[in-house]
Amino acid sequence: MLSIEENIKIIKERVDRSAKKSGRAAGEITIIAASKTENTARIAEAAKAGIRDFGENRVQEYLQKRDVLGDTVNWHIIGPLQSNKVRYVLEGIRLIHSLDRLSLAQEIEKQCEKKGTRVDALVQVNIAKEKTKSGVYEEDLGILLEELSVMRNIRVKGLMAMPPPLRAGDNRRYFVRAYELFSRFRGLQPDFEYLSMGMSDDFEAAIEEGSNMVRIGTAVFGARSK
Ligand SMILES: *Cc1c(COP(=O)(O)O)cnc(C)c1O
């Protein structure tokens with residue numbers, strides 16, 4: 001088994017290669033280590049090996065890790081977010097990747113107002129319309145973005161998508177579709193900058209199709225124990 005440091009070195013080389021293939025520089029792709037279930041010592045190890053951004057799924061877990069590591073790294077919320085947890089995550093979050101409904105946005109707006117803070121978020125798109133996944137359907141994306149555009153405390157920085165596994169079929173088209181949506185709305189949205197898609201098993205294809213933010217867990221840390 002390779003060390004976290006060795007894993008990261010290999011991932012960076014693969015990201016570099018995919019970026020070049022799609023006519024971009026490696027520096028244009030943000031690597032987020034999906035660190036759910038990993039302890040702070042292992043996160044610190046990844047940080048030492050050059051990862052600056054970490055994605056957490058659970059609010060409670062994020063808060064505990066943030067208590068230890070503070071602002072030495074950038075924190076992202078990448079998993080589904082319940083409205084009643086919003087108040088705990090607004091401070092110290094670089095990006096929420098899972099903004100997927102108006103009611104959640106309204107709660108974020110309200111809590112930001114109370115705290116006098118602002119937050120950056122990506123709208124999660126359920127690109128393959130999977131019943132088990134969250135995210136707005138593409139036909140509802142325009143309306144949601146319009147509703148978000150009047151919220152003073154939320155900056156919409158782009159889109160997040162999590163298509164079904166590549167090897168399960170002809171699923172590369174979902175990356176293509178997500179990039180089409182991203183490109184279309186980038187023309188209309190002043191702050192659009194990031195397309196967050198690609199995980200351990202498919203980040204190269206995702207980058208080749210236009211992703212500029214990948215969320216990688218097992219390829220960094222090894223298989224999760226649960
Ligand atoms: C866990 C997780 C990832 C990373 O998955 P791996 O297959 O371990 O790379 C990416 N995105 C989200 C939302 C996740 O929950």
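The values are calculated or read from the model by the stated rules, or taken from the named source; none is laboratory data. These numbers were taken from a predicted model, which means no experiment stands behind them. Positions of Cβ are generated from backbone atoms using ideal geometry, with glycine treated the same way; all protein chains shown enter the neighbour counts. For the accessible areas, the whole protein counts, side chains as well, though only heavy atoms, and no ligand, DNA or RNA atoms are used. Shrake-Rupley method; radii C 1.70, N 1.55, O 1.52, S 1.80 Å.
If you go through segment 52-64, how many residues are under 24 Å from Ile29 (Cβ atoms) and away from the ligand (no atom under 13 Å from the Cβ)?
Taking segment 52-64 as the starting set, the residues that turn out to be under 24 Å from Ile29 (Cβ atoms) are 52-57, 62.
Of the ones still in play, those that are also away from the ligand (no atom under 13 Å from the Cβ) are 52.
Number satisfying all stated conditions: 1.
Scan Phe192, Phe185 and give me the residue that is in contact with a Leu (Cβ under 9 Å, 6 or more places away or on another chain), part of a helix (DSSP H, G or I) and away from the ligand (no atom under 14 Å from the Cβ).
When all the criteria are applied, what remains is Phe185.
Go through (1) in contact with a strand residue (DSSP E or B) (Cβ under 7 Å, 6 or more places away or on another chain); (2) away from the ligand (no atom under 15 Å from the Cβ); (3) without any contact (Cβ under 8 Å) to a residue 24 or more places away in the chain for Gly169 and report which single condition fails.
(1)
Tell me the residue from Ala33, Ala44, Ala49 that is small (Gly, Ala, Ser) and under 18 Å from the mean Cα position of the chain (by Cα), please.
Exactly one of Ala33, Ala44, Ala49 is small (Gly, Ala, Ser) and under 18 Å from the mean Cα position of the chain (by Cα), namely Ala33.
Where the second residue is within 16 Å of the ligand (Cβ to nearest atom) and the first is farther than 24 Å from Gly198 by Cβ and lies in segment 88-109, which pairs have Cβ atoms under 7 Å and are six or more apart or on separate chains?
Correct list of pairs: Tyr88/Val59; Gly92/Trp75; Ala105/Leu99.
Give Ala34, Ala105, Ala26 a once-over and let me know the one that is closer than 19 Å to Leu159 by Cβ and away from the ligand (no atom under 16 Å from the Cβ).
Ala105
Tally time: how many residues in segment 71-85 are more than 12 Å from the ligand (Cβ to nearest atom) and touching a Leu at 6+ places or on another chain (Cβ under 7 Å)?
Within segment 71-85, residues that are more than 12 Å from the ligand (Cβ to nearest atom) and touching a Leu at 6+ places or on another chain (Cβ under 7 Å) number 1.
Do you know which of the residues in segment 207-218 that are outside any loop (DSSP other than H, G, I, E, B) and open to solvent by 30 Å² or more (accessible area, probe 1.4 Å) is farthest from the ligand (Cβ to nearest atom)?
Across segment 207-218, the extreme among qualifying residues is Glu208.
Among the residues of segment 139-156, are any within 16 Å of the ligand (Cβ to nearest atom) and open to solvent by less than 30 Å² (accessible area, probe 1.4 Å)?
No; the residues of segment 139-156 include none that is within 16 Å of the ligand (Cβ to nearest atom) and open to solvent by less than 30 Å² (accessible area, probe 1.4 Å).
Just checking, which of Leu2, Leu69, Leu81, Leu63 is surrounded by fewer than 21 Cβ atoms within 10 Å (Cβ to Cβ) and assigned to a loop (DSSP other than H, G, I, E, B)?
Exactly one residue qualifies, and that residue is Leu2.
Within segment 84-116, take every residue that is at pLDDT 95 or above and among the hydroxyl-bearing types (Ser, Thr, Tyr) and give me the one that is surrounded by the fewest Cβ atoms within 10 Å (Cβ to Cβ).
Once the filter is applied, the top-ranked residue is Ser103.
Please find, among Ala161, Ala223, the residue that is at pLDDT 95 or above and within 14 Å of the ligand (Cβ to nearest atom). Step through it out loud before you land on a result.
Values: Ala223 fails: at pLDDT 95 or above.
Answer to the check: Ala161.
Of the residues Glu180, Glu193, only one is open to solvent by 60 Å² or more (accessible area, probe 1.4 Å), of a type in the set (Asp, Glu) and within 26 Å of Gln106 (Cβ to Cβ); which?
Answer to the selection: Glu193.
For segment 125-145, indicate whether the set of residues that are of a type in the set (Asp, Glu) and at pLDDT below 95 is non-empty. I'd like the intermediate steps shown before the answer.
First, the residues of segment 125-145 that are of a type in the set (Asp, Glu): 130, 138-140.
Filter once more, keeping what is at pLDDT below 95: none.
No, that holds for no residue.
Looking only at segment 129-138, filter to residues that are more than 15 Å from the ligand (Cβ to nearest atom) and of a type in the set (D, E, K, R); which one of those is surrounded by the most Cβ atoms within 10 Å (Cβ to Cβ)?
Taking the candidates together, the pick is Glu138.
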